[in-house]
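Okay, structure first, notes after.
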Amino acid sequence: MIDRITKNEQRLDSIMLSIKSLEEALINFKSNKKNIALVNKYYGSNNWFKDKDAFEKNEISNVKAGVLSEDAVWNMNEDINDLITEMKAIIVNYSNKNKY
């Protein structure tokens, strides 16, 4: 009996840690909503093309410029879509069961 209680207490502790981590991650992600919109607006804009051209001509140096790559913003959006898909699956899985 004590072993059963201990195992379930450990499970509960693990779950509570997961919930806390997820809550913090969601808060962090939601706080970047404006940044996501601004990066998407910049990507492919006239300024982006000018900046990319200048960077490729080495007119700009000593700056981290992943945002000028062909894939970085696209990958960011794909990652967001993958997370949305995963969250939807979790919602469907948990909402279809009364006791999860």
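Kindly indicate whether any position in segment 31-48 is touching a Leu at 6+ places or on another chain (Cβ under 8 Å), at pLDDT 95 or above and not hydroxyl-bearing (Ser, Thr, Tyr). Steps first, please.
In the first step, residues of segment 31-48 are kept if they are touching a Leu at 6+ places or on another chain (Cβ under 8 Å); the result is 48.
From what is left, the residues that are at pLDDT 95 or above are 48.
From the residues that got through so far, the ones that are not hydroxyl-bearing (Ser, Thr, Tyr) too are 48.
Yes, there is a match, as at least one residue in segment 31-48 is touching a Leu at 6+ places or on another chain (Cβ under 8 Å), at pLDDT 95 or above and not hydroxyl-bearing (Ser, Thr, Tyr).
State whether the residues of segment 4-26 include one that is in the same structural domain as Tyr94 (by TED's automatic domain parsing), in a helix (DSSP H, G or I) and over 17 Å from the mean Cα position of the chain (by Cα). Walk me through how you get there before you give the answer.
Quick first cut of segment 4-26, residues in the same structural domain as Tyr94 (by TED's automatic domain parsing) only: none.
No, that holds for no residue.
Pairs needed: first member in segment 49-62, outside the structural domain of Val39 (by TED's automatic domain parsing) and surrounded by fewer than 10 Cβ atoms within 10 Å (Cβ to Cβ); second member anywhere, of a type outside the set (Phe, Trp, Tyr) and at pLDDT below 95; C-beta distance under 6 Å; at least 6 residues apart or different chains.
none
The values are calculated or read from the model by the stated rules, or taken from the named source; none is laboratory data. If you're wondering where the values come from, they're calculated on a predicted model, not measured in any experiment. Cβ: placed from backbone, ideal geometry, glycine included. Neighbour counts: every protein chain shown.
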